[in-house]
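Notes follow once the structure below has been shown.
A short reminder: the numbers here are calculations on the coordinates, not readings from a lab. Everything numeric in this text was worked out from a predicted model, so none of it was measured. No Cβ is skipped: glycine too gets one built from the backbone with ideal geometry, and neighbour counts run over all protein chains shown.
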Amino acid sequence: MGKRNNIYCDLSKDGISSNMESWQSNISPIYVEREGIGGRRLITNQSDKRIYFRIDKSAVPTQSGCFMRIEVRYFDEGVGHFSVVYNTENGIISTEPVLLENTCKWRTAVIYLENALLNRGIIAYDFALELYTKKYGASACHVIFGSLSVTDIAAETAEISVSADSLAGYTFFEREKIKFNVKVKSTVEKKSDCKLTVVFRNREDEILQTEEFDVLHDGNDSEIETAPDIDKYGCYSMTLECSDGAGEIFSAKRVKFALSLNASESKNDLLGTCVHFTYRDSRAVSPLIDACGISSIRDEFLWQDYEKEKGKFEFLSEWERYLGDAETNGLNMFTILGFNNPLYHEGSNCVPKNDEIKSFEKYTKQLVNFLGERCGIYEVWNEPNLWGFSSDISPETYIAFLEPISKVIRNANPNAYIAAPGLSGEALPWVEKFLQMGGGEYIDAISFHPYLWVKGPDDGEFIGKLNSVNDLIKKYCPKLEMIISEMGWASNTADITRKDQAQYHVKAYAMATAFDNLKQYFVYEYQDSGSSISDPERNFGLVEYWESETPYAAKPLFTATAAYNYLTQNKRPKCLLNDCNTYIFSYEHEDDTVLMMWSVNPIKINCDDLKITAVYDINGNEINGVSVLTSEPIYVKADKDTIKTLTERIINPEVDKE
């Protein structure tokens with residue numbers, strides 16, 4: 001289509017362009033090849049991370065408030081992102097980023113510009129490909145671009161809106177209920193008799209289904225219903241393009257949606273998630289947490305918000321709202337007690353000392369009494385071994401604070417369960433000193449945050465962290481359990497794709513909860529908390545940021561978590577094999593057993609002669625058997641005898657040969 005309009009740029013070394021020029025500022029283009037196809041590499045460590053484009057005036061039918069459809073050919077290598085920046089009446093804006101997923105394939109991204117201003121005298125370019133914006137941050141890697149085509153330029157003369165009977169983020173749980181209601185509204189009197197093309201794609205951008213509808217008959221607004229024939233659990237997208245009789249597209253919209261297993265009836269008592277609901281939409285998000293089978297939410301009722309005048313405690317309406325949403329969706333509360341209150345504290349954050357402890361006791365008593373049976377677990381402070389949360393990081397100071405606070409909690413709610421200290425990392429020297437000094441006598445569980453940051457849990461380090469903490473517990477205070485009160489991987493940072501993030505978590509779910517004294521594992525955090533792609537703190541979520549193109553859209557981690565909880569049915573796993581390459585975990589049910597398996601380095605397995613009930617992929621889709629175990633987890637369901645035989649064959653291949 002780009003060549004139909006004769007507006008395109010081939011970005012390879014000897015590429016030909018038509019009606020559009022491109023350039024880079026203060027740098028010579030870097031040309032490379034991938035799979036025999038040439039392209040231009042835009043690098044991240046140059047001051048101006050853009051390729052600029054300007055369209056010939058003769059090729060532009062309109063220059064004010066244009067709708068533009070652009071196709072960008074790029075090589076999907078690494079874990080970075082790129083956007084298109086362009087000018088509008090409201091200033092320069094950037095499109096939502098295209099995320100690289102390291103498939104090492106050439107891919108095409110379709111990008112829509114709305115109300116674009118072209119050929120403005122003050123600005124030399126019409127638009128640019130960019131690797132850095134203030135809103136989305138810098139790409140984590142270079143990006144190779146093969147070509148760019150402007151397939152359509154027209155005055156934007158229609159508006160497209162979409163609604164559906166689904167949870168937030170267009171998340172569906174039954175195939176037959178995936179239906180979208182689409183409204184097309186003309187914004188000019190003469191626009192009539194147009195065509196709406198709806199295209200459904202999977203995460204690999206493969207086209208699954210295309211539908212066409214006649215709309216805007218005689219200029220009247222149109223409403224249509226579209227129902228894709230989606231038969232697999234996973235994440236998808238829908239694009240809607242409105243075109244005139246000549247085929248020129250003049251309006252478009254894209255939404256993401258997901259089909260997921262519903263695990264609300266098999267909630268996993270061992271899994272929780274961090275939410276920060278005081279500042280977020282619990283009404284939209286709580287049903288999603290429920291549906292993916294997570295049982296608990298970790299949050300805080302901050303002291304400084306609860307006591308804004310000395311001696312006067314007021315429970316915020318936002319807190320009442322989200323407590324109600326949590327209760328409606330059957331979510332258990334795990335409450336952090338913290339942090340400093342400026343009424344009693346000056347300077348940087350610090351675990352309370354001296355007289356401030358007495359004031360913190362009053363806050364604790366008031367809050368625990370108020371929450372009553374609505375909250376069963378309390379965590380005293382968060383990461384007291386980290387300077388950002390406490391300027392005094394010593395175990396001695398923390399214990400002097402913990403002892404009286406734990407007594408207040410017990411007196412206010414004798415059934416309360418107390419976790420502490422919520423350490424950053426596993427902090428073994430800190431934990432050992434804490435336990436040596438008797439800190440374990442005031443709590444029920446050691447809580448900690450064993451982040452791995454840049455790698456997955458496969459190489460033994462993650463289990464090693466848990467073993468190390470567990471060894472100290474056994475040595476000094478065997479009554480204690482463990483709680484991982486934060487654990488996560490930020491997608492699209494440090495070479496971690498969204499697919500990687502999903503795999504890492506479900507593997508860690510099994511590894512961690514196989515410890516008999518691991519009470520809970522909390523995913524940090526439920527939703528992405530910002531638009532920046534480059535900031536790890538903003539990209540831990542199971543669902544997307546609430547201001548993204550599709551607010552609360554499910555990430556692969558959502559569908560993978562729902563499948564894990566649905567298939568394992570709230571059972572604690574037993575580790576049958578862990579050799580830092582191949583992992584097998586069993587979940588025993590009354591009538592059958594489910595194995596969760598993967599292998600870092602692929603291995604062949606033979607199960608053709610076994611009576612296997614079903615095999616499922618990471619999203620819970622039934623697949624036709626398995627002959628090779630890969631790094632992506634699968635689930636195998638069979639009777640106990642079959643599971644035993646299969647496990648023996650994997651553990652000892654010689655058995656299979658015999």
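What does the net charge come to around Lys308 if you take all other residues with beta carbon closer than 15 Å to its beta carbon, with K and R at +1 and D and E at -1?
On the way: positive: Lys310, Lys312, Lys362; negative: Asp305, Glu307, Glu309, Glu314, Glu318.
That sum, taken over residues with Cβ under 15 Å, equals -2.
Using only alpha carbons, build the gyration tensor for region 576-657 and give me the equivalent ellipsoid semi-axes, biggest first, whole Å. Please list the in-between numbers first.
Numbers: eigenvalues 58, 46, 31 Å².
Semi-axes, largest first: 17, 15, 12 Å.
Starting with the fewest neighbours, write out Met437, Met597, Met333 ranked by other beta-carbon atoms found within 10 Å of each beta-carbon. If you can, show how the numbers build up before the last one.
Working: Met437 15, Met597 25, Met333 21.
Going from sparsest to densest Cβ surroundings: Met437, Met333, Met597.
Can you tell me which of 85-93, 43-51 comes out highest on packing, and rank the rest after it, using the mean Cβ neighbours within 10 Å?
Numbers: 85-93: 14.3, 43-51: 16.0.
Listed from highest to lowest mean packing, they are 43-51, 85-93.
Give the calculated FRET efficiency between Trp453 and Glu547 to the nearest 0.05, with a Förster radius of 30 Å applied to their Cβ-Cβ distance. Numbers along the way, then the final one.
On the way: r = 26 Å, r/R0 = 0.86.
Working from the Cβ atoms, E equals 0.70.
Distance in nm between label sites at Ser47 and Glu588, each 7 Å beyond Cα in the beta-carbon direction?
Taking the two extended label points, one gets 6.8 nm.
Pull out the extension gain between Ser28 and Asp495, defined as 0.36 nm times the separation in residues minus the alpha carbon to alpha carbon distance; nm, one decimal.
On the way: separation 467, 0.36 × 467 = 168.12 nm, distance 2.72 nm.
Between Ser28 and Asp495, full extension yields an extra 165.4 nm.
How large are Rg and Dmax for the chain when only the alpha carbon atoms are used, in Å?
Spelled out, the Cα radius of gyration and Dmax of the chain are 27.7, 82 Å.
Of Thr103, Thr497, how do they rank once you tally other Cβ atoms within 10 Å and put the fewest first? List each step's numbers first, then the result.
Working: Thr103 14, Thr497 19.
Result, fewest neighbours first: Thr103, Thr497.
Rounded to the nearest 0.05, what FRET efficiency is calculated for Ser161 and Glu206 with R0 set to 22 Å and r the Cβ-Cβ distance? It would help to have the intermediate numbers written out before the result.
Numbers: r = 26 Å, r/R0 = 1.20.
So the FRET efficiency works out to roughly 0.25.
Express in whole angstrom the spacing between the alpha-carbon centres of region 280-316 and region 13-34.
Result: 52 Å between the Cα centres.
So how far, in whole Å, is the C-alpha centre of region 196-229 from the one of region 438-488?
After rounding, the separation between the Cα centres reads 50 Å.
What is the local net charge at Gly372, summed over the other residues whose Cβ is closer than 13 Å to its Cβ (Lys, Arg +1; Asp, Glu -1)?
Working: positive: Lys365, Arg374; negative: Glu327, Glu373.
Residues close to Gly372 contribute a combined charge of 0.
To make sure I understand, if each residue's beta carbon is the centre and we count other beta carbons within 10 Å, what order do Glu346, Glu241 fall in, fewest to most?
Numbers: Glu346 6, Glu241 21.
The order, fewest Cβ neighbours first, is Glu346, Glu241.
Taking a ≥ b ≥ c as the square roots of the eigenvalues of the Cα gyration tensor of region 23-176, is the shape rounded (a/c under 1.5), prolate (a/b larger than b/c) or oblate?
Cα axes put region 23-176 in the oblate bin.
Over every pair of different alpha-carbon atoms in region 264-568, take the mean of 1/r and invert it; report that Kirkwood radius in Å.
Numbers: mean 1/r = 0.0510 Å⁻¹.
Hydrodynamic radius (Kirkwood, Cα only) of region 264-568 equals 19.6 Å.
What is the gain in length, in nm to one decimal, between Lys475 and Thr613 on full extension, counting 0.36 nm per residue of separation less the C-alpha to C-alpha distance?
On the way: separation 138, 0.36 × 138 = 49.68 nm, distance 4.35 nm.
Length gained between Lys475 and Thr613: 45.3 nm.
Near Lys179, which lysines are there with a Cα under 28 Å away, not counting those fewer than 8 places off in the same chain?
Filter leaves Lys191, Lys195, Lys232, Lys253, Lys256, Lys267, Lys499, Lys555.
Points 7 angstrom from Cα along the Cβ direction at Ser266 and Glu223: gap in nanometres?
The two pseudo-label positions are separated by 3.8 nm.
Quick one: if you stick a label point 7 Å off each Cα along the C-beta vector at Ser317 and Trp387, how many nm between them?
According to this spin-label approximation, the distance is 4.1 nm.
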